[in-house]
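**Q** Structure in structure tokens, see below.
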Amino acid sequence: MEYAKQRGSASITVDLYDGVITVKSNNNQRREVLIKRTAYDGDWNWIWEALEGNHIPSADPYRAAYYGEETTS
């Protein structure tokens, strides 16, 4: 299946420090925290898998059904 390219532009920073993943926006010279959560074993690998475009099963069954993806459950 072929998908359309994402439009627009954005920039983020992803940090893993002391067992916490923090995602910050880099827009308008503000470094707003978008997500900050505990990092569990394997989370960093999942981030890289997503960035490399490898298939990751969806944790959201509704999204999975819509896009015809596998689910994690």
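**Q** Which one is surrounded by the most Cβ atoms within 10 Å (Cβ to Cβ), of the residues in segment 5-38 that are in contact with a helix residue (DSSP H, G or I) (Cβ under 8 Å, 6 or more places away or on another chain) and modelled with pLDDT of 90 or more?
**A** Quick first cut of segment 5-38, residues in contact with a helix residue (DSSP H, G or I) (Cβ under 8 Å, 6 or more places away or on another chain) only: 10-11, 14, 16, 21.
Within this subset, residues satisfying the condition of being modelled with pLDDT of 90 or more are 14, 16, 21.
Details: 14: 14, 16: 12, 21: 17.
Within segment 5-38, the match that is surrounded by the most Cβ atoms within 10 Å (Cβ to Cβ) is 21.
**Q** Has segment 39-53 got at least one residue that is modelled with pLDDT of 85 or more, surrounded by 11 or more Cβ atoms within 10 Å (Cβ to Cβ) and not in a helix (DSSP H, G or I)?
**A** Within segment 39-53 (the criterion being modelled with pLDDT of 85 or more, surrounded by 11 or more Cβ atoms within 10 Å (Cβ to Cβ) and not in a helix (DSSP H, G or I)), the answer is yes, since at least one residue qualifies.
**Q** With (1) among the aromatic types (Phe, Trp, Tyr); (2) loosely packed, with under 11 Cβ neighbours inside 10 Å; (3) at pLDDT below 75 as the list, and residue 62 as the residue in question, which single condition is left unmet?
**A** Among (1) among the aromatic types (Phe, Trp, Tyr); (2) loosely packed, with under 11 Cβ neighbours inside 10 Å; (3) at pLDDT below 75, residue 62 violates only (3).
The values are calculated or read from the model by the stated rules, or taken from the named source; none is laboratory data. If you're wondering where the values come from, they're calculated on a predicted model, not measured in any experiment. Glycine also receives a Cβ, built like all others from the backbone with ideal geometry; neighbour counts cover every protein chain displayed.
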